[in-house]
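Report on the following structure.
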Amino acid sequence: MDHACVVDGLCKTYGATGVVANRDLNLRVSPGEVLGLFGPNGAGKTTLVRQIMGLLRPTSGSISISGHDVVRNPGAAPVYAAYHAQRQVMLASYRATEVLVQAGVLRGMRTVDAATQARALLERFGLAARSGSLMLRLSGGERQMVFLLSTFMGYRPLVILDEPTSNLDPVWRRLVWDFLSEKAREGVAVMLVTHNVAEADHAVHRAVVINRGTVVADGTPGDLKRMVSRNIEIRVSLKLGAEWLLADTARGEPLGEGRWMIRVDPEEFSQVLSHIIDTQGLDGIDDFTVSGVSMDAVYEALTREWWDERHERTVS
């Protein structure tokens with residue numbers, strides 16, 4: 001199977017400081033796959049994607065995009081991949097539609113075709129009325145959306161997005177996830193770098209966790225959750241004034257005023273849920289949810305050692 005991106009034995013050491021950002025890192029991204037790249041600050045995620053895009057040269061290792069070696073030929077990276085970085089140039093004197101059109105032209109589109117695609121993207125994301133506004137006049141979220149949409153101009157088999165939804169409202173985030181799912185169905189490979197693991201849980205096909213510059217976990221969200229725990233979580237919210245009546249083995253963990261959580265093995269789930277309903281009574285329960293272990297819990301479990309050591313160094 002041909003991969004959209006292949007990273008083998010990647011190492012990156014910053015010579016001036018000796019800091020090792022990536023250490024023998026291996027990664028595969030397939031066409032039509034949405035891959036989530038997670039890890040704490042300083043884990044090496046942004047360093048990795050900057051090397052994939054030819055913006056940093058690896059100390060050793062290889063990177064290819066659609067079969068093209070981008071270590072030997074960094075100029076090939078933007079030909080086959082689009083990149084949305086965390087930080088964007090302001091482009092204050094450009095109008096929103098001009099940012100998209102220029103991105104399309106730089107990717108080889110005719111101006112008329114770029115203008116057509118730009119108009120369609122702005123309309124789809126509710127920005128048509130702001131298309132003629134200067135970037136300086138847009139809100140922070142609107143500017144971020146314009147830069148994000150510019151990433152989708154033209155066609156690239158690989159799209160890399162570094163924290164794409166950090167400043168967007170829930171409606172825009174939902175539209176972005178839906179759009180990325182659509183791109184994946186068309187065969188585009190998407191690499192998503194984000195700290196919002198809970199949100200990305202529903203958007204990614206595969207999750208890769210990086211810690212200390214190398215891959216510490218790689219699998220579907222379900223695979224990673226089973227690495228941490230097979231438990232099912234039952235969260236119960238009581239109605240105002242209702243008392244928590246479970247005093248036995250299913251007594252639960254308090255989450256705050258009138259809210260409780262019970263963790264159970266899958267084999268015991270039906271029995272425990274029935275016991276909760278029978279004991280508390282539906283009249284006393286305002287709401288309840290049932291879920292497996294969250295991606296937040298997975299993230300914390302896989303990066304806790306790094307965080308604990310960092311905290312110890314800070315306070316010592």
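The values are calculated or read from the model by the stated rules, or taken from the named source; none is laboratory data. Treat the numbers as computed from the prediction; the structure is a model and nothing was measured. Neighbour counts are summed over all protein chains in view; Cβ atoms, including those assigned to glycine, are modelled from backbone coordinates with ideal geometry. All accessible areas refer to the heavy atoms of the entire protein, side chains included, with ligands and DNA or RNA removed. Shrake-Rupley method; radii C 1.70, N 1.55, O 1.52, S 1.80 Å.
The value of relative contact order for segment 1-139, using C-alpha pairs under 8 Å at least six residues apart, is 20 percent. Rounded if a/c is under 1.5, else prolate if a/b beats b/c, else oblate: with a ≥ b ≥ c from the C-alpha gyration tensor eigenvalues square-rooted, which is segment 93-178? Oblate shape, in that a/c is at least 1.5 and b/c is the bigger or equal ratio.
May I ask you to give the percent of accessible area on the chain that is carbon plus sulfur, with a probe radius of 1.4 Å? Don't jump to the answer; show the numbers that get you there.
On the way: 8040 of 16120 Å².
Result for the chain: 50 percent of the exposed heavy-atom area is carbon or sulfur.
Here the contact order of segment 130-203, divided by its residue count and restricted to Cα pairs under 8 Å and six or more residues apart, works out to 33 percent. Per-residue SASA remark: VAL71, around 20 Å² accessible (1.4 Å probe; ligands, DNA and RNA not included). Taking the Kirkwood radius as Rh and the Cα radius of gyration as Rg, segment 167-292 has a ratio of Rg/Rh equal to 1.08.
Computed from these coordinates, which is Cα Rg over 2.2 N^0.38 Å: (i) 1.18; (ii) 1.23; (iii) 0.94? Only one option fits the structure, namely (i). Straight-line cross-link partners of LYS12 among the lysines, defined as a Cα under 28 Å from its Cα and at least 8 positions apart when in the same chain: LYS45.
Heavy-atom accessible area, probed at 1.4 angstrom with all protein chains present, ranks PHE288, PHE125 as PHE288, PHE125, highest first. In plain terms, the chain is cut at each of the GluC sites (Glu not before Pro) found in a DSSP loop with at most 15 other Cβ atoms within 10 Å, and the longest leftover piece is 1-185. LEU302 contributes about 40 Å² of solvent-accessible surface, heavy atoms of the protein only, 1.4 Å probe. Taking GLY42, GLY256, GLY67 in turn, the Gaussian network model of the chain (Cα-Cα springs below 10 Å) assigns the largest fluctuation to GLY256. In terms of accessible area, using a 1.4 Å probe and ignoring ligands and nucleic acids, LEU240, LEU282, LEU48 rank largest first as LEU240, LEU282, LEU48. Derived scalar couplings between HN and Hα for segment 195-208 equal 8, 7, 5, 5, 5, 6, 3, 8, 10, 9, 7, 9, 10, 10 Hz in order, rounded to whole Hz, by the Karplus curve 6.51 cos²θ - 1.76 cosθ + 1.60 (θ = phi - 60°), x for Gly and Pro.
Tell me the relative contact order for the chain as a rounded percent, counting alpha carbon contacts under 8 Å between residues six or more apart.
Details: 576 pairs, mean separation 62.8, N = 316.
Once normalised by length, the contact order is 20 percent.
Only protein heavy atoms count here; on that basis, with a 1.4 Å probe, HIS202 has an accessible area of about 150 Å². Phi angles of segment 145-154 translate, via the Karplus equation with coefficients 6.51, -1.76, 1.60 and θ = phi - 60°, into HN-Hα couplings of 4, 4, 5, 5, 5, 5, 5, 8, 5, x Hz per residue; Gly and Pro are given as x.
Of the residues CYS11, CYS5, the one with the largest accessible area comes first in the ranking CYS11, CYS5, computed with a 1.4 Å probe on protein heavy atoms. Label sites at ASP8 and THR111, each approximated as a point 7 angstrom past Cα along Cα to Cβ, lie 4.5 nm apart. Excluding ligands, DNA and RNA, the accessible surface per residue across segment 1-64 is 41 Å² with a 1.4 Å probe. Residue by residue, segment 76-85 carries 3J(HN,Hα) couplings of 6, 4, x, 6, 10, 9, 10, 9, 10, 7 Hz when phi is fed to the Karplus relation 6.51 cos²θ - 1.76 cosθ + 1.60 (θ = phi - 60°); x denotes Gly or Pro.
Scanning residues 5 or more positions from VAL34 or on other chains, those with amide H under 5 Å from its amide H are VAL190, HIS205, ARG206, with H placed 1.01 Å from N in the peptide plane.
Determine the shape class of segment 84-227: with a ≥ b ≥ c the square roots of the Cα gyration tensor eigenvalues, call it rounded for a/c under 1.5, and otherwise prolate if a/b is greater than b/c, oblate otherwise. Verdict is prolate for segment 84-227.
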